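**Student:** Structure in structure tokens, see below.
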Amino acid sequence: MPTAEEQFAGFLLSLDRFQKQLAEFMLGRFLSFDFSGDRADDETELLPQVLLDVVDGVPQVTLHHGITWMDLTRDQEPNEYRIAVILAFTGAGITVEAFVRLDLERDMGEWPAGVHVPYRERAEGLDLDEAVAFVEARVEELCRRHEDTARLGLARR
């Protein structure tokens with residue numbers, strides 16, 4: 001079995017296509033739904049990121065895409081709609097987790113204020129090919145999830 005470092009380097013080679021898929025999906029959400037209310041006292045940001053890190057000696061890759069928004073007259077902290085895929089590369093194999101997270105400062109649509117995780121999938125001990133296939137399937141699922149945004153009660157543009 002390849003070392004964790006070799007698997008990490010191998011995954012980086014296929015990273016671009018997953019990042020592009022998630023970025024296009026979130027840009028579509030950002031453009032399709034009115035997160036800001038289009039008022040001068042609202043702030044909305046689209047945050048696509050790839051984070052490379054070592055946590056407790058374990059190399060990690062995080063594909064993180066979020067939309068944050070806040071009404072400065074009502075919200076003390078930003079609200080966030082985030083999708084992420086996290087891969088941790090250990091000697092025992094790759095652990096992959098994909099999730100959707102809503103962090104709401106106030107009640108929105110069907111969701112009360114607070115942190116909600118309407119989607120989470122996790123697998124452990126995968127080899128590189130299994131991890132890439134798992135990420136590919138999870139990215140497809142994440143990009144088909146339209147109900148999370150609709151359930152926030154946001155208006156379509």
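The values are calculated or read from the model by the stated rules, or taken from the named source; none is laboratory data. Source: prediction; values computed, not measured. Cβ sites come from the backbone with ideal geometry, for glycine too, and all protein chains shown count toward neighbours. Each accessible area value is taken on the protein alone, full model and side chains, heavy atoms only, with ligands, DNA and RNA left out. Shrake-Rupley method; radii C 1.70, N 1.55, O 1.52, S 1.80 Å.
**Student:** If you count only protein heavy atoms and use a 1.4 Å probe, how large is the accessible surface of F30, to the nearest 10 Å²?
**Tutor:** 50 Å²
**Student:** Given the options G114, V135, H146, identify the residue whose Cα lies farthest towards the positive end of the charge dipole of segment 75-157 (+1 on Cβ of Lys, Arg; -1 on Cβ of Asp, Glu).
**Tutor:** Positive-most Cα among the choices belongs to H146.
**Student:** Compute from the Cα atoms of segment 87-131 the Rg and the Dmax, the latter being the longest Cα-Cα distance, and quote both in angstrom.
**Tutor:** Over segment 87-131's Cα set, Rg and Dmax evaluate to 15.2, 44 Å.
**Student:** Using θ = phi - 60° and the Karplus curve 6.51 cos²θ - 1.76 cosθ + 1.60, what whole-Hz ³J(HN,Hα) does each residue of segment 13-24 get, with Gly and Pro shown as x?
**Tutor:** Working through the residues one at a time gives 5, 9, 4, 4, 5, 5, 4, 5, 4, 5, 5, 5 Hz.
**Student:** Compute the angle between helix 128-144 and the longest alpha-carbon principal axis of the chain, please, reported from 0 to 90 degrees and rounded to the nearest 10.
**Tutor:** Tilt of helix 128-144: around 10 degrees.
**Student:** Of the heavy-atom accessible surface of segment 30-144 (probe 1.4 angstrom), what whole percent is carbon and sulfur?
**Tutor:** On segment 30-144, the fraction of accessible area on carbon and sulfur atoms equals 46 percent.
**Student:** Moving on. Taking a point 7 angstrom from the Cα of E136 along the C-beta vector, which residues in segment 2-25 have backbone N less than 20 Å away?
**Tutor:** Counting only backbone N, you get 2, 7-25.
**Student:** While we're looking at this one, here's another question. About its Cα centre, how strong a charge dipole does the chain have in debye, to the nearest 20, once Lys and Arg get +1 and Asp and Glu get -1 at the Cβ?
**Tutor:** On the way: 16 positive and 31 negative charges, 89 e Å.
So the magnitude is around 420 debye.
**Student:** Now, a different point. Bin by bin, in steps of 10 Å, what percent of the Cα pairs in segment 41-134 do you find, going until the bin that has the longest distance?
**Tutor:** Using 10 Å bins, I get a P(r) of 15, 38, 27, 16, 4 for segment 41-134.
**Student:** Pull out a ≥ b ≥ c, the square roots of the eigenvalues of the alpha-carbon gyration tensor of segment 1-72, then state rounded if a/c is under 1.5, prolate if not and a/b is larger than b/c, and oblate in the remaining case. Intermediate values should be presented prior to the final figure.
**Tutor:** Working: a/c = 6.01, a/b = 2.37, b/c = 2.54.
The shape class here is oblate.
**Student:** Next up: When a/c reaches 1.5 or more, the comparison of a/b and b/c decides; with that in mind, is segment 81-156 rounded, prolate or oblate per its Cα gyration tensor?
**Tutor:** Details: a/c = 4.35, a/b = 2.25, b/c = 1.94.
Prolate is the answer for segment 81-156, as a/c is 1.5 or above and a/b outweighs b/c.
**Student:** Tell me, what is the per residue accessible area of segment 97-157 in Å², probe radius 1.4 Å?
**Tutor:** 53 Å²
**Student:** Could you tell me which label, among [x] 22.8, 74; [y] 16.9, 56; [z] 18.2, 65, carries the value of Rg and Dmax of the Cα atoms in Å calculated for this structure?
**Tutor:** The calculated read-out lines up with [y].
**Student:** Restricting to DSSP H runs of at least four residues, report the calculated mean residue ellipticity at 222 nm for the chain, -39500 (n - 2.57) per run over all residues, nearest 500 deg cm²/dmol. Walk me through the numbers before you get to the answer.
**Tutor:** Values: 3 runs with 50 residues, N = 157.
Dividing the helical sum by the residues of the chain leaves -10500 deg cm²/dmol.
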